[in-house]
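I have placed the structure first, in the form of structure tokens, so that the comments after it can refer back to it.
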Amino acid sequence: MPMKRWVLAFLILELFVSCVLFLQFREERQRLFAAHVDRTLLAWEAARESRLDLQRIIQGALLADGRIASLLSQALATPADRRAPLRTALADRFAPSRPALLAHGITMTQVLLADGATFFRLNNPQRSNAVEPIPRPALREVLASARPVAAVETTSRATALRLISPVFHDARLVGVLETAVPLAEMPALLDHLDKTRRHSLLGPLPAGESGGRLALAPLPPGAGAAPDPETARLVAALGDLGQPLADGHPFARSLAGADADRVITIVPISDYSGESHGYLMANAVEPALETIRRSLIISATVTAFLLLAALLLLAQLVNSRRALLREREDMRAITDTMGEGLYILDNEGLIAFVNRSAETMLGYSREDLLGAKAHSLFHSHDGDGRPQDADACAILRAMRERRHFTSSDEAFIRSNGTRFPVEVRCAPLTADDPLLKALAHQAPPGGPGGRLAARLRAAMGNRPRLSVALSRLFGHADALLLPTNPRASVITFVDITERKASEAALRKLSRAVEQSPASVIITDARGTIEYVNPQFEKSTGYRSWEVIGANPRILKSGHIAEATYAEMWKTLNEGREWRGELHNRRKDGTLYWEYASLSPVKDRRGRTTHLLAVKEDITARKETENRLIRQANFDELTDLPNRSLCYSRLKEAIVEAEATASIVGVLFIDLDHFKNVNDSLGHAVGDKLLTAVAQRLREVARPGDTLSRQGGDEFLMLLPDLNGSEAGHGVAQAILTALAPPFSIDGREIYMAASIGITFFPRDGRSAAELLRNADSAMYTAKESGRNAICFFSPEMEIRAAQRLAIEGALRQALAHEELRVAYQPLVRTSDARPIGAEALLRWTSPTLGEVSPTEFIKVAEETGLIVPIGAWVLDQAVAEAARLRAEGYGAFQIAVNVSVRQFRGGDLAGLVSDTLKRHDFPAAGLELELTESLLLDVTPAITTTLQSLSALGVRLSLDDFGTGYSALSYLKTFPFDILKVDRSFIRDISSAPDSGALARAIIAMARGLGLATIVEGVETEEQCAFARAEDCDIMQGFLFGKAMTPADLRRMLDEKAAAE
């Protein structure tokens, strides 16, 4: 390096160090100044508080007896020209205290009234009645707030530290007491408090006297004596202080003297209004300033010497290395062409050399690597990713033991934090190693180069990072990192990520095959077994040594067609994969299902060398599939074919019948009153009964017949290959005979009958759907004819079924489309034929079907459940109309409403009735609910509870059509009925056959004996009316008194009857 560069480097470094030292000197001086400022402020605060505390004590003593406050209160109420006696009295009170006040430096004491006028001046009585001409902010604050104020304030006479306290008389402000200590007295007090420094009070010079600059001068006249000559000299020596004084903050300056250095501290003094009044100056000798300056000079000198020595050492060392630079660069070129990463560690584990491949693989630059600890930088974890310290590091251990080391289980960490496996080789180097000589300047230990390197190394404290930094400034310095007697090691490494991945993949594949839940078989091209995995042994029962060398045909069960195996081998010989299901046999002889995937394994030339079979045991799946198939086609309860399977078999039977010109019979079987069993005995009993019925039907079925359960209590029997309809009728009759004996279920005997509808192919339909639909129609006809019957399908049934379907479809919209209406048939009192109420009767006029008879649509409504919402609507309409009639003055009009069995089972009927009565404010006694005997055939606890709830409401319950069905006297005793209705059939022929009324008489007499009211229905003639009167019946109803009519016609009739009376 040219001498100019060395000199320039020296000057730059020296300038930098000098700046640093100067800044340190300046910082130390500022800390010293801050300490002086704090000390002066503390002294000022202490002096100020001591004088204020003295004034507070004296003022407290003066005001303690209350006489001063009383005099001020009187003076405030006395005109100014008449206050002299009061002022004299006040002077007498203060006279004894005046010597004490003056002795403590309180040179001014005065009393002011609450109106601001000066009432008394102790030190200047002749001015006692004057008003202070100068504005007094502190005085104004005391008079305004009635609170004491302590402050520096300037008056016409002097600047002083004042304490102004309010004086109260009877809780009223009557004046203030003011005492003051001249500010000029404070320096002497401060000198007494801090004897290490002298204090003075100064004021700023006017701008004209300082040439426009702000400079310190003695306080204005009257504020105290002029500063002594020494203070004046120091003020003059400080020079221009305009800017620090303008900032308004305390500050300090140093002055160098012949005998000692001084620190001058300036503290602004502000009055009550915040204006700067003057300055307190403290003057102190400070020996520490000289010490700081000497330290700066010594540090700068020593640093300059050390820098010069270091630069000279570096210059000699760099010159001594130039001879070997070319040889080292040649060696570097060689190492940089290596594919392996290479680095050299010195005996402390620091990187002394690194090649380009290592930089690339690690992701670090050469500057980042040189001088770094390899272990900490990229080898802090072992091959498994666990942290390891330097003592456990295999590379460092081999280096310390000076031995060769090779490992494929290590891992390095890139600069981005990712790990990669490496194969590492470590070899020790000696001082005579050609590689080491080429990489580092190894001068003889006694030579100038060796001694220089040693001294430089000692000067740097063996800090490698500093060595690298200097190398960047002066050129490559790898050799500086190597010790004089190296015990270095060279490490080469290769990234083996791909190799590790391949090995891991092979291990993973091997483990996967060994642990696979599928059986794996490998054979040669001819099918000889070479390998089986553990799952194969588990699935087949064969051990591996039993099957290796054998052929997989030992698993054949004989249940797979040979054509399947032929197709499999054909596919494999064509080099394609074959997949399929195999039914094989285990070693113990049991059969099992497998789903097999067979693939040819080919070499590089495409020739098949092995066959790979992966087989999954699907026995459980097959069993599940069979079970699902059975569940999809068979009824779970009865184990009979279900609707779907039966439908499929019917279609198959039709196809076969068409081919053979035979007859297929379809028997639709529906159990009569099965719902009563479920409702009364529970579904568990019902299920057992269905199972027993299914068993009896199986016994009737012929071989080849199909018996199925359609759902609920419906069964279907398919009779293929019939000779004629008589054969079908015979089977149906056999079914009724088989069901006739009672069923014993859980200790109960249950009788069960069935209604059977029969259709025949091709007479009654040519499709499965048509045959089933027509058989269903025939079954319903059998039920209508009295149940426990057999009915063959006829075309008329299809017409009735179509009509019923049309009624059902239109009825579902009737309520929403307001097609329904309520008509009212009068109920008359038997004694005088006077109308007392009406029965609500439902009528329906359909826009498509016209007027539909109630006998037709009521039954459909009950079967479909539509009677529940329709019945609720009728109840609401009827009660509302009856309530309106009562409100219009038609007396205690009663209304009767029919209630269906489905309404009892379809919801809370009692709650519905209660809500309806409340909604229309109608009495429960005015409502009659008519129930048919069919309700009592299927009595459940819920129905009984509902009847009792209705009776508790006060609603009257009527038993309709008594004697026409399964009438039993127990009904009348068990249930809370109020009325018995005699059916029209008992009085229809009374005029032509007088004896026909015997049953009606018996019913009426029985009702009377039970305390029930009676209603006779169907009164159409005078003879029938006379019979009802003769038998003392309570109410009559019939065409003789009026047909079902609209509300308007009902009102008209009621009006006519009332007018006739």
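The values are calculated or read from the model by the stated rules, or taken from the named source; none is laboratory data. Small disclaimer: the values here were computed from a predicted structure and weren't measured. Note that each Cβ is placed from the backbone with ideal geometry, even for glycine, and that neighbours are counted across all protein chains shown.
Being assigned to a strand (DSSP E or B) and either over 30 Å from Ser680 (Cα atoms) or among the aliphatic types (A, V, I, L, M) (or both) is the filter here; which residues of region 848-905 pass it?
Gly850, Glu851, Val852, Gln894, Ile895, Ala896, Val897
Using the structure shown, decide if Ala613 is surrounded by 14 or more Cβ atoms within 10 Å (Cβ to Cβ), closer than 30 Å to Leu697 by Cα and small (Gly, Ala, Ser).
no
Taking the residues in region 179-206 that are assigned by TED's automatic domain parsing to the domain that holds Ile266 and assigned to a strand (DSSP E or B) as candidates, determine which candidate is modelled with the lowest pLDDT.
Only one residue fits best here, namely Pro204.
If you check every pair at least six apart or on different chains, which have Cβ atoms under 9 Å apart with a residue in region 738-751 that is at positive phi first and a residue that is aliphatic (A, V, I, L, M) second?
These pairs meet every condition: Asp746/Leu681; Asp746/Ala684; Asp746/Val685.
Considering only residues that are charged (D, E, K, R) and either closer than 15 Å to Val822 by Cα or free of Cβ contacts under 8 Å to residues at least 40 places away in the same chain (or both), which ones fall in region 864-887?
Asp876, Glu881, Arg884
Residues checked against (1) surrounded by fewer than 17 Cβ atoms within 10 Å (Cβ to Cβ); (2) in a strand (DSSP E or B); (3) under 60 Å from the mean Cα position of the chain (by Cα); (4) in contact (Cβ under 8 Å) with a residue 12 or more places away in the chain:
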| position | (1), (2), (3), (4) |
| --- | --- |
| Ala252 | no, yes, no, yes |
| Asp259 | yes, no, no, no |
| Ile264 | no, yes, no, yes |
| Tyr272 | no, no, no, yes |
| Asn283 | no, yes, no, yes |
| Leu289 | no, no, no, yes |
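Would you pick out the residues in region 613-624 that are among the hydrophobic types (A, V, I, L, M, F, W, C) and modelled with pLDDT under 90?
If the condition is that a residue be among the hydrophobic types (A, V, I, L, M, F, W, C) and modelled with pLDDT under 90, then Ile618, Ala620 are the ones that fit.
From the set of residues in region 541-555 that are within 13 Å of Arg526 (Cα to Cα) and assigned to a helix (DSSP H, G or I), which is modelled with the highest pLDDT?
Per the stated criteria, the residue is Pro552.
Filter region 366-380 down to the residues that are outside any loop (DSSP other than H, G, I, E, B) and crowded, with 16+ Cβ neighbours inside 10 Å and list them by number.
If the condition is that a residue be outside any loop (DSSP other than H, G, I, E, B) and crowded, with 16+ Cβ neighbours inside 10 Å, then Arg366, Asp368, Leu369, Lys373, Ala374, His375, Leu377, Phe378 are the ones that fit.
Looking at region 401-447 only, could you name the residues that are outside any loop (DSSP other than H, G, I, E, B), modelled with pLDDT under 85 and charged (D, E, K, R)?
Result: Asp409, Lys437.
Looking for something more than 29 Å from Glu275 (Cα to Cα), surrounded by 13 or more Cβ atoms within 10 Å (Cβ to Cβ) and in contact with a Ser or Thr (Cβ under 9 Å, 6 or more places away or on another chain) - is there at least one such residue anywhere in region 34-55?
Going residue by residue through region 34-55, those that are more than 29 Å from Glu275 (Cα to Cα) are none.
No: region 34-55 contains no residue that is more than 29 Å from Glu275 (Cα to Cα), surrounded by 13 or more Cβ atoms within 10 Å (Cβ to Cβ) and in contact with a Ser or Thr (Cβ under 9 Å, 6 or more places away or on another chain).
For (1) small (Gly, Ala, Ser); (2) over 18 Å from Arg197 (Cβ atoms); (3) part of a helix (DSSP H, G or I); (4) at pLDDT below 75, each residue gets a yes or a no:
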| site | (1), (2), (3), (4) |
| --- | --- |
| Val7 | no, yes, yes, yes |
| Glu14 | no, yes, yes, yes |
| Cys19 | no, yes, yes, no |
| Glu27 | no, yes, yes, no |
| Gln30 | no, yes, yes, no |
| Ala35 | yes, no, yes, no |
| Arg39 | no, no, yes, no |
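If I filter region 625-650 down to residues being at pLDDT below 85 and not acidic (Asp, Glu), which single residue comes out as surrounded by the most Cβ atoms within 10 Å (Cβ to Cβ)?
Looking at residues that are at pLDDT below 85 and not acidic (Asp, Glu), I get Arg630.
Would you say Ala810 is closer than 27 Å to Leu842 by Cα and surrounded by 15 or more Cβ atoms within 10 Å (Cβ to Cβ)?
yes
Please go through (1) modelled with pLDDT under 80; (2) assigned to a helix (DSSP H, G or I) for Ala952 and return the number of the only condition it doesn't satisfy.
Single failed check for Ala952: (1).
Can you find, within region 124-178, the residue that is modelled with the highest pLDDT among those that are polar (S, T, N, Q) and closer than 16 Å to Leu52 by Cα?
Among them, the one singled out is Ser165.
When you check Leu41 against the structure, is it more than 23 Å from Ala160 (Cα to Cα) and either in contact with an Asp or Glu (Cβ under 8 Å, 6 or more places away or on another chain) or not charged (D, E, K, R) (or both), yes or no? Before you say what the answer is, go through the steps one by one.
Numbers: more than 23 Å from Ala160 (Cα to Cα): no; either in contact with an Asp or Glu (Cβ under 8 Å, 6 or more places away or on another chain) or not charged (D, E, K, R) (or both): yes.
Against the criterion (more than 23 Å from Ala160 (Cα to Cα) and either in contact with an Asp or Glu (Cβ under 8 Å, 6 or more places away or on another chain) or not charged (D, E, K, R) (or both)), Leu41 does not qualify.
Do the conditions hold for Arg526, that is, is it loosely packed, with under 11 Cβ neighbours inside 10 Å and among the basic types (Lys, Arg)?
yes
Considering only region 63-108, give the helices (runs of 4 or more DSSP H) lying wholly within it that have at least 1 residues that are surrounded by 11 or more Cβ atoms within 10 Å (Cβ to Cβ) and of a type in the set (Ser, Thr, Tyr). So that I can check it myself, show each step before the final result.
Working: elements: 67-77, 84-94, 98-103.
Counting at least 1 such residues, we get 67-77, 84-94.
Hey, Ala563 hits all of (1) assigned to a loop (DSSP other than H, G, I, E, B); (2) farther than 14 Å from Ser519 by Cβ but one; which does it fall short on?
With respect to (1) assigned to a loop (DSSP other than H, G, I, E, B); (2) farther than 14 Å from Ser519 by Cβ, Ala563 is out only on (1).
Within the bounds of region 386-393, is there any residue that is within 19 Å of Arg487 (Cα to Cα), modelled with pLDDT of 85 or more and under 50 Å from the mean Cα position of the chain (by Cα)? Break it down stepwise before answering.
Within region 386-393, the subset within 19 Å of Arg487 (Cα to Cα) is 390-391, 393.
Going one step further and asking which of them are modelled with pLDDT of 85 or more, we end up with 393.
Those still in the list that are under 50 Å from the mean Cα position of the chain (by Cα) too: 393.
Taking every residue of region 386-393 in turn, at least one turns out to be within 19 Å of Arg487 (Cα to Cα), modelled with pLDDT of 85 or more and under 50 Å from the mean Cα position of the chain (by Cα).
Tell me the residue from Leu86, Leu112 that is touching a Phe, Trp or Tyr at 6+ places or on another chain (Cβ under 7 Å), more than 20 Å from Glu185 (Cα to Cα) and not β-branched (Val, Ile, Thr), please.
It is Leu112.
Under 6 Å by Cβ, and 6 or more places apart or on different chains, what pairs join a residue from region 918-929 that is outside the structural domain of Arg956 (by TED's automatic domain parsing) with one that is of a type in the set (A, V, I, L, M)?
So the pair list comes out empty.
Residues in region 818-825: is at least one under 30 Å from Phe1027 (Cα atoms) and part of a helix (DSSP H, G or I)?
The answer is no; no qualifying residue exists.
Which condition number in (1) free of Cβ contacts under 8 Å to residues at least 60 places away in the same chain; (2) touching a Leu at 6+ places or on another chain (Cβ under 8 Å); (3) surrounded by fewer than 19 Cβ atoms within 10 Å (Cβ to Cβ) is the one that Leu598 fails?
That leaves (3) as the condition not met.
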